[in-house]
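The values are calculated or read from the model by the stated rules, or taken from the named source; none is laboratory data. Keep in mind that this is a model prediction, so the values were computed, not measured. Neighbour counts are summed over all protein chains in view; Cβ atoms, including those assigned to glycine, are modelled from backbone coordinates with ideal geometry.
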Amino acid sequence: MTKLSDTQTIILSCAAQNEDHIAMPLPDSLRAGAAAKVVGAMLKKGFLEEVDANMRKGEPVWRETGDGHETTLVATDAGLAAIGIEVERAETKLTDEAAPKTRTPREGTKQATLIAMLRAPDGATIEEIMAATGWQSHTVRGAMAGALKKKLGLEVTSEKIDGRGRVYRLPSA
């Protein structure tokens, strides 16, 4: 692991917390000459890079270039790696979205109980699921919408049955 000064670690840690990894503003304790020296060393090591500041977004300015442009400082992947942060690239995200990971619930959990009840031939009502899991009705609905539909990609269907109310089901596995 790369040896960083406390100031360099603070700068990179602050940048890691920003969505665009902008390393500005620099710590208040870092004044003109010292800031130039620290930033210069980080630029040389490839931990930071100067990019055009987007003034429409109100990005903070590191310096003005001679041709009227303003730059800001952004932490690079190498800089983030130096403080132990692994950066996920956009290409990886696209690949992950194209091929979702197969998730399987652990056995013996309330989620597994919910899935088993919904896969039963008669399905299950909210009240039946509440009794089996100890959850409140909003938690049951949230689990069906979030965990089952969104995360696991299961298709929960429902129909209203006379004398029983709304019954929810999953297709048999």
- Mind counting the residues in segment 124-138 that are in contact with a helix residue (DSSP H, G or I) (Cβ under 8 Å, 6 or more places away or on another chain) and either free of Cβ contacts under 8 Å to residues at least 12 places away in the same chain or not in a helix (DSSP H, G or I) (or both)? 7
- Which residue pairs have Cβ atoms closer than 8 Å, lie 6 or more positions apart in sequence or on different chains, and pair a first residue in segment 155-173 that is under 17 Å from residue 137 (Cα atoms) with a second residue that is outside any strand (DSSP E or B) and among the polar types (S, T, N, Q)? 164/125; 165/125; 166/125; 167/125; 168/125
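Kindly establish whether residue 24 is farther than 16 Å from residue 5 by Cβ and touching a Cys at 6+ places or on another chain (Cβ under 9 Å).
Answer is yes for this residue.
So if I check each of 63, 31, 56, which one is farther than 16 Å from residue 77 by Cα and either outside the structural domain of residue 82 (by TED's automatic domain parsing) or under 26 Å from the mean Cα position of the chain (by Cα) (or both)?
Unique residue meeting the criteria: 56.
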- Message: Take residue 51 and tell me if it is outside any loop (DSSP other than H, G, I, E, B), surrounded by 12 or more Cβ atoms within 10 Å (Cβ to Cβ) and either assigned by TED's automatic domain parsing to the domain that holds residue 74 or of a type in the set (Phe, Trp, Tyr) (or both).
- Response: yes
